[in-house]
1. Go through (1) surrounded by 23 or more Cβ atoms within 10 Å (Cβ to Cβ); (2) under 21 Å from Ala187 (Cβ atoms); (3) among the β-branched types (Val, Ile, Thr) one by one and return the number of the condition Val92 breaks.
2. Looking only at segment 96-105, count how many residues are within 12 Å of Leu147 (Cα to Cα), open to solvent by 10 Å² or more (accessible area, probe 1.4 Å) and not in a loop (DSSP other than H, G, I, E, B).
3. I'd like to check something: does segment 69-88 contain any residue that is open to solvent by 10 Å² or more (accessible area, probe 1.4 Å), within 26 Å of Gln194 (Cβ to Cβ) and touching a Cys at 6+ places or on another chain (Cβ under 9 Å)?
4. Looking at segment 76-95, which of its residues are assigned to a loop (DSSP other than H, G, I, E, B) and in contact with a helix residue (DSSP H, G or I) (Cβ under 6 Å, 6 or more places away or on another chain)?
5. Checking Arg210 against (1) open to solvent by 60 Å² or more (accessible area, probe 1.4 Å); (2) part of a helix (DSSP H, G or I); (3) within 27 Å of Leu97 (Cβ to Cβ), which single condition isn't satisfied?
6. Being in a loop (DSSP other than H, G, I, E, B), touching a residue at least 12 places away in the same chain (Cβ under 8 Å) and surrounded by 23 or more Cβ atoms within 10 Å (Cβ to Cβ) narrows it down to one residue among Val138, Val152, Val120, Val116; which is it?
7. Within segment 1-16, take every residue that is among the basic types (Lys, Arg) and open to solvent by 60 Å² or more (accessible area, probe 1.4 Å) and give me the one that is nearest to His87 (Cα to Cα).
8. Restricting segment 123-135 to residues that are at pLDDT 95 or above and out of contact with any strand residue (DSSP E or B) (no Cβ under 7 Å at 6 or more places or on another chain), which is surrounded by the most Cβ atoms within 10 Å (Cβ to Cβ)?
Amino acid sequence: MLATIRAAEREAGRDPEGVSLVAVSKGVAAETIETLLAAGHRAFAENRVQEMQVKWPPLLERHPAAELRFVGRLQSNKVMAAAGLAHVIESVDRESLARALSNCNAIRERSVRLLVQVNVGEESQKGGCPPAEADRFVTWCQAELGLRVSGVMGIPPRDTDPVPYFGLLRTLRDRMGLTELSMGMSADYEAAIQMGATHVRVGTAVFGPRPRR
C-alpha cells in the first residue's frame, strides 16, 4: 500500500513521503490495529464515536505516538467524547457543530485540529458545507470561534471522475491558506495524490473488505 502511494507521489512530482496514509479502521478489531501500530504505522481514522471509545483508549495508552482522526458525521452531543480521543476531527460541516466544538474545553486543552468537510458534489445524502459557503464558514470558525481549522476534507460523488472535485478542494484549501487536504479513498487515492492530497483515507485497501453488519 505504501509502495503504491510513494509511486503515485513520484508520478505526480511530489516530495517523497509527503502524503500520509490514514488507515480507516472502522469495523476492524483492536488486535488487527495493534499489529499495524506495532509495525510502526501511526495514522488511523474512525467514523463512529461509540466504536472509537471501545477500541482506542487502551491502544492510545500503549502507543502514544499514534494519531487518531474522526471522519464520520459528528453529532453535537458527542463532541466531548470525540474530542477526548481524536487528535483531528475532519467532519466539521455546520455552525451548530462548530459552536459545540468551540464550547468543548478538550478541543483547546488537547490542541485538536479541525478540518472543514465540503460537500463537493452538493449531494443531499452527504454531510459537508456547500462549496460556495466554505470560505465564509472557515473564516467564521477561525475568527469568531477561535477554532484551529487546518484544512478541508471531501468525498466526490460515486461513479464519476473524481479529479474535478479534488481540484475544487485543492483550490479551496489554497485560497484559504490552509495546510491539510484530506481526500481520496481506496478507489481513487492515486488520483487524489496527483491532485495534491496531503492525507488519503484508505480502509478496504489496507484491511480488506469489511464484514457485513
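The values are calculated or read from the model by the stated rules, or taken from the named source; none is laboratory data. Just so it is clear, the model here is predicted, and its values are computed rather than measured. Neighbour counts are summed over all protein chains in view; Cβ atoms, including those assigned to glycine, are modelled from backbone coordinates with ideal geometry. Each accessible area value is taken on the protein alone, full model and side chains, heavy atoms only, with ligands, DNA and RNA left out. Shrake-Rupley method; radii C 1.70, N 1.55, O 1.52, S 1.80 Å.
1. Among (1) surrounded by 23 or more Cβ atoms within 10 Å (Cβ to Cβ); (2) under 21 Å from Ala187 (Cβ atoms); (3) among the β-branched types (Val, Ile, Thr), Val92 violates only (2).
2. 4
3. Looking for residues that are open to solvent by 10 Å² or more (accessible area, probe 1.4 Å), within 26 Å of Gln194 (Cβ to Cβ) and touching a Cys at 6+ places or on another chain (Cβ under 9 Å), one finds none in segment 69-88, hence no.
4. Correct list: Gly84, Leu85.
5. Only one criterion is unmet by Arg210, namely (2).
6. Val120
7. Taking the candidates together, the pick is Arg14.
8. Checking each candidate, the answer is Glu133.
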